Amino acid sequence: MCGRFSQHYTWQQIHAFSEPLTLAPGRGNLQPRYNIAPTTNVDIIVPGEEGRELISARWWLVPAWWKKALREVPSTFNARVEGVDTSAMFRDSFKRRRCIVPASGFFEWTGPKTARIPHYFSAADGGLLGIAGLWDQWRSREREVVTSCTMVVRAADEWTAKYHDRMPSFLRPEQFPSWLSGEAGKDILRQTPPQLQEWIVSTQVNKTGQGDDDPTTVLPVV
């Protein structure tokens, strides 16, 4: 499952990737992030009144109907494609609130539990990746509004299966409109993924809670 990824791009790059695109009101400048872990806020692309908007959302989806505390939400940072339209946690968002999670790359691990080796995956052409996602807004008992999201994941293709049995469900930019509008069904989530490249990175990626702004996190180990 995809449990760590990166978002490091300029406004020009993300705008070209998903045009038209505007920053949601109140958003500051884009900050490069190289080691994003679940429950932190990430950039997502959602339909807006004037095209698409880049907004911030907590990466761990909380459905609007959730009645318990935020800390009691089960693992929802990934949504398996097999049940994305039937699971109580995801089905309403699948119907009404879809998003794109732009990614510069993502991480997976291989090897035994005592000596896990981190790998970084990115588009072979160096461009951005568009991961199919879902989002929602939840209101706590204290009336705090939390915008949250999840990534859709699928069975790995032959190349990625060498590293992990699951992979993100990637979308091409020309597929963004039908996904975001809700017109596209689940088949779009199993399309041939973009060509990826991979390299081993430092085990410093294993450390979370110490900032995610270190660009050496995604550099290959020499």
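Quick notes on this one:
- The residue list GLY48, GLY105 contains one member that is without any contact (Cβ under 8 Å) to a residue 60 or more places away in the chain, under 17 Å from PHE17 (Cα atoms) and touching a strand residue (DSSP E or B) at 6+ places or on another chain (Cβ under 8 Å), which is GLY48.
- Those residues of the range 108-120 which are hydroxyl-bearing (Ser, Thr, Tyr), surrounded by fewer than 22 Cβ atoms within 10 Å (Cβ to Cβ) and either in contact with a helix residue (DSSP H, G or I) (Cβ under 8 Å, 6 or more places away or on another chain) or in contact (Cβ under 8 Å) with a residue 40 or more places away in the chain (or both), in sequence order: THR110
- Residues that are over 15 Å from PRO193 (Cβ atoms), of a type in the set (D, E, K, R) and in a strand (DSSP E or B) within the range 97-135 comprise just one, ARG98.
- Subset of the range 10-27 (residues that are assigned to a loop (DSSP other than H, G, I, E, B) and either hydrophobic (A, V, I, L, M, F, W, C) or more than 19 Å from GLY48 (Cβ to Cβ) (or both)): THR10, ALA24
- Some residue of the range 121-132 being surrounded by fewer than 14 Cβ atoms within 10 Å (Cβ to Cβ), in contact with a strand residue (DSSP E or B) (Cβ under 7 Å, 6 or more places away or on another chain) and closer than 26 Å to SER178 by Cα: yes
- Residues satisfying the stated conditions in the range 99-123, i.e. of a type in the set (Ser, Thr, Tyr) and farther than 14 Å from TYR34 by Cα: THR110, THR114
- Within the range 173-202, if we keep just the residues that are under 18 Å from CYS2 (Cα atoms), touching a Lys or Arg at 6+ places or on another chain (Cβ under 8 Å) and in contact (Cβ under 8 Å) with a residue 40 or more places away in the chain, the residue that is surrounded by the fewest Cβ atoms within 10 Å (Cβ to Cβ) turns out to be ARG190.
- Near pairs, Cβ below 8 angstrom, 6+ apart or cross-chain, from the range 62-86 (surrounded by fewer than 18 Cβ atoms within 10 Å (Cβ to Cβ)) to any residue that is in a helix (DSSP H, G or I) and of a type in the set (Phe, Trp, Tyr): ASP85/PHE94
- Selected residue (only one of SER6, SER93 is buried (at least 16 other Cβ atoms within 10 Å of the Cβ) and part of a strand (DSSP E or B)): SER6
- Of everything listed in (1) surrounded by 12 or more Cβ atoms within 10 Å (Cβ to Cβ); (2) in a loop (DSSP other than H, G, I, E, B); (3) of a type in the set (Ser, Thr, Tyr), the single unmet condition for TYR34 is (2).
Each value in this text was obtained by applying a stated rule to the coordinates, not by laboratory testing. No experiment lies behind these values; they were computed from the predicted model shown. Here Cβ is always computed from backbone atoms with ideal geometry, including for glycine, and neighbour counts include all displayed protein chains.
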